[in-house]
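Okay, structure first, notes after.
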Amino acid sequence: MEIDRADARILKAVQADNRLTSEQLGAIVNLSSTAVQRRLKRLRAEGVIEGDVSIVRPKAVGRHISMLVMVTLERERADIVDRFKQSIRTTPEVMNGYYVTGESDFVLMVTARDMEDYERFTRQFFYENHDIKGFKTMVVMDRVKAGFEIPISAHDNAQPD
């Protein structure tokens, strides 16, 4: 899909605030609200916009600690990797999960009410899974930035010749 300048400006604006009306977006990108709605519909239909979410402050909902967890699988076979990916997708305590290169196979962002809650989670999610060789936990001391904004320009998606 080709992203033009207007698409790029719309994407920048909705990443910063997805509650903007089509009229407000139109004023930002110099398009009619109908044209903005049409572009947003196309960007969603083609998967450029994956979802519209609100970022919730974890402590406000009783999730007082967050951890980055590096996970190493016992073997890196497709069926094991796929099974672990599925467990990540269905586990609410895992906020983000990444299949990575390097010393670990996955990096997870996990949230818990407290350390006792995290220990319960590790027993259930890691220790009971025989496909996991090991994991290392780093407790987050301060969430400095939270978001999903991606830098966008109209030429970032250009395909090589």
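The values are calculated or read from the model by the stated rules, or taken from the named source; none is laboratory data. Predicted model, so just to flag it, every value in this text is computed and none were measured. A quick note on method: Cβ atoms are made from the backbone with ideal geometry, for glycine too, and the neighbour counts reach across all protein chains shown.
A few points about this structure:
- Residues in region 82-103 that are surrounded by fewer than 18 Cβ atoms within 10 Å (Cβ to Cβ) and under 13 Å from Leu68 (Cα atoms): Met95, Asn96, Tyr98.
- Subset of region 26-74 that is assigned to a helix (DSSP H, G or I) and in contact with an Asp or Glu (Cβ under 7 Å, 6 or more places away or on another chain) - its residue that is farthest from Lys133 (Cα to Cα): Ser33
- Meets criteria (over 21 Å from the mean Cα position of the chain (by Cα), at pLDDT 95 or above and of a type outside the set (Phe, Trp, Tyr)) for Gln86: no
- Members of region 1-24 that are within 17 Å of Ser153 (Cα to Cα) and in a helix (DSSP H, G or I): Arg5, Ala6, Asp7, Ala8, Arg9, Ile10, Leu11, Lys12, Ala13, Val14, Gln15, Ala16
- Matching entry among Ile49, Ile65 (being touching a residue at least 12 places away in the same chain (Cβ under 8 Å), surrounded by 10 or more Cβ atoms within 10 Å (Cβ to Cβ) and touching a helix residue (DSSP H, G or I) at 6+ places or on another chain (Cβ under 6 Å)): Ile49
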